[in-house]
Amino acid sequence: MKISRDTYILFVAALLVISCSKEQPVLTFAVGGAPNEVDYWERLIDKFEKSTGIRVDVMRQPTDTDQRRQGLVIPLKAKQKDPDVFLMDVIWVGQFAASDWLLPIDSCLEKSDVDINTFFRSIIQQVDVFEESIVALPVYNDCGMFYYRKDLLQKYGLSAPQTWYELVSVAEKIQEKERNKNPQFYGFVWQGAQYEGLLCTFLEFAHSYGGGLLDENGKVHLHRRENIEALQFMHDLIHKYEISPPNTFTEMKEEEVRLFFENGNALFERNWPYAWGLHERDDSPVKGNVGIMMLPKSSTGKAAATLGGWHIGISRYSDDINNAWRLAEFIVSYAVQKELTLVLGWNPGRSDLYDDQEIRERIPHIDVLKDAFNNAVARPNLPYYTQVSETIQRYLNAALSGNLTPAQALEESQTEIEKIVKAYHE
């Protein structure tokens, strides 16, 4: 049948309309945090869209970490195509990878300008490798740090402690003197309430005593001499030496600890790097008098810092993996990581940025952070980590309160965790 010229033109025009009406896939990037952080992420994504022509919807998640996790678990469990790209707390990476939700990115890295050697090798190995494949990359590094009052140490002619027992000795001397004018003054404040921060604190003490949560085979092994000694020392800081407040195991979380120290009521503080900027604000009572260093250690051990932070991953169910990788590649680039550091105060995931001159001028303790991240200890990369953590927190807190001895707490915790592991593998 012969088709007229006019009919042919109309047919081609209709095909073009249909073709143009099909929108290109839109990436979804899930990110949460403080409102100012998410606002800045939207500006970064706008920059990405303009430079690549790739459309991205920002899925604004809550500030609360547990709510953010749940907001990712639900769509991933349902194998939904969105979100394509998301940020994960370090303790989620193993769980998400074991659930087969994360896309291995080894082949993406091979074709990319992203050099895996520009990240901290130990962090990549501890967090981002699952079954010999890389499944995520660090965006923001975090770890436990030790803060001290420079002015008070100078006033009494003492030095910042290198070991835990030096800490006790220095804290006792200065606490006694300072209480003449401030009865609420304590030597050392740290996170001891029953929540994730307690496990982080314990992990640092345990590793500094030569212990830890896992044995050489990667199995949870709590009930051992080094861990008992570490937990006993934590208990004694409150009840024997009395250099940590009695509400340490009931109330002390990050902000409670920070404010206690910042208000001039403590000599030493264990907290995360975020506290530095707040201690140095113009309205801070301790501005200009705070030092920061690696945490102390036992007399025979090695200083350790529990690793925190956020890592970027791509959903296995993304319907646009190539562009999803382009977004991830953009976020871990030198320029964007530097911007996040200078604007939001984030500690970069890339190790090469710790030698950047502008960053070094902005963060005077950058070498301390770099050393800490090179020695950072990750929490166990287990698919059932949340259950394990909640169990350990409960028993650690019972030991700090004196309801159980450290040996009893760790033995009972070990028994309960073995049941969790067995149930997971059945």
Next on the checklist: Given the condition of a type in the set (Gly, Ala, Ser), in contact with a Leu (Cβ under 7 Å, 6 or more places away or on another chain) and either crowded, with 22+ Cβ neighbours inside 10 Å or over 26 Å from GLU254 (Cβ atoms) (or both), answer yes or no: does some residue in the range 104-127 qualify?
Outcome noted: no
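What about THR386, is it part of a helix (DSSP H, G or I), modelled with pLDDT under 95 and within 22 Å of the chain's Cα centre (by Cα)? It would help to see each step written out before you state the result.
Values: part of a helix (DSSP H, G or I): yes; modelled with pLDDT under 95: yes; within 22 Å of the chain's Cα centre (by Cα): yes.
In short, yes.
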Checklist entry - If we scan the range 298-311, do we find a residue that is touching a Gly at 6+ places or on another chain (Cβ under 6 Å), buried (at least 16 other Cβ atoms within 10 Å of the Cβ) and farther than 17 Å from GLN191 by Cα? => result yes
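Please work out which residue is nearest to ALA230 (Cα to Cα), limiting yourself to the range 170-189 and to residues that are buried (at least 16 other Cβ atoms within 10 Å of the Cβ) and of a type outside the set (A, V, I, L, M, F, W, C). Spell out how you get there, then give the answer.
The first filter runs over the range 170-189 and keeps only residues buried (at least 16 other Cβ atoms within 10 Å of the Cβ), leaving 170-171, 174-175, 178, 185-189.
Still in the list and also of a type outside the set (A, V, I, L, M, F, W, C): 175, 178, 186-187.
Numbers: GLN175: 23, GLU178: 28, TYR186: 20, GLY187: 18 Å.
The extreme case among them is GLY187.
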Next on the checklist: Any residue at all in the range 397-418 that's surrounded by fewer than 18 Cβ atoms within 10 Å (Cβ to Cβ) and within 12 Å of LEU199 (Cβ to Cβ)?
Outcome noted: no
Checklist outcome for this item: Result of the Cβ filter at 7 Å on the range 276-301, keeping first residues that are farther than 25 Å from ASN374 by Cα and partners that are surrounded by fewer than 19 Cβ atoms within 10 Å (Cβ to Cβ) and of a type in the set (Gly, Ala, Ser), at least 6 apart or interchain, is PRO285/GLY264; VAL286/GLY264
Item to check | Among the candidates ALA78, ALA98, residue that is surrounded by fewer than 21 Cβ atoms within 10 Å (Cβ to Cβ), of a type in the set (A, V, I, L, M, F, W, C) and at pLDDT below 95 | outcome: ALA98
Checklist outcome for this item: Counting only residues that are closer than 23 Å to HIS279 by Cα and buried (at least 20 other Cβ atoms within 10 Å of the Cβ), the range 339-362 contains a total of 6
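Just to be sure, is GLN393 under 26 Å from GLN67 (Cα atoms) and free of Cβ contacts under 8 Å to residues at least 40 places away in the same chain? Don't jump to the end; show me each part of the working.
Working: under 26 Å from GLN67 (Cα atoms): yes; free of Cβ contacts under 8 Å to residues at least 40 places away in the same chain: no.
No: the conditions fail for GLN393.
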Next on the checklist: Restricting to the range 47-75, name every residue that is surrounded by 19 or more Cβ atoms within 10 Å (Cβ to Cβ), of a type in the set (A, V, I, L, M) and part of a helix (DSSP H, G or I).
Outcome noted: LEU72
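From the list VAL332, VAL336, exactly one residue is among the β-branched types (Val, Ile, Thr), surrounded by fewer than 23 Cβ atoms within 10 Å (Cβ to Cβ), farther than 24 Å from SER99 by Cβ and in the same structural domain as GLY33 (by TED's automatic domain parsing). Which is it? Reasoning before the result, please.
Values: VAL332 fails: farther than 24 Å from SER99 by Cβ.
Among VAL332, VAL336, only VAL336 is among the β-branched types (Val, Ile, Thr), surrounded by fewer than 23 Cβ atoms within 10 Å (Cβ to Cβ), farther than 24 Å from SER99 by Cβ and in the same structural domain as GLY33 (by TED's automatic domain parsing).
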Next on the checklist: Condition check: under 25 Å from the mean Cα position of the chain (by Cα) and under 23 Å from THR306 (Cα atoms). Does ASP82 satisfy that?
Outcome noted: no
Checklist entry - Just a yes or no: is a residue in the range 123-134 modelled with pLDDT of 95 or more and in contact with a Ser or Thr (Cβ under 8 Å, 6 or more places away or on another chain)? => result no
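The values are calculated or read from the model by the stated rules, or taken from the named source; none is laboratory data. Every value quoted in this text rests on a predicted model; they were computed, and no experiment measured them. Virtual Cβ from ideal backbone geometry, glycine too; neighbours counted across all protein chains shown.
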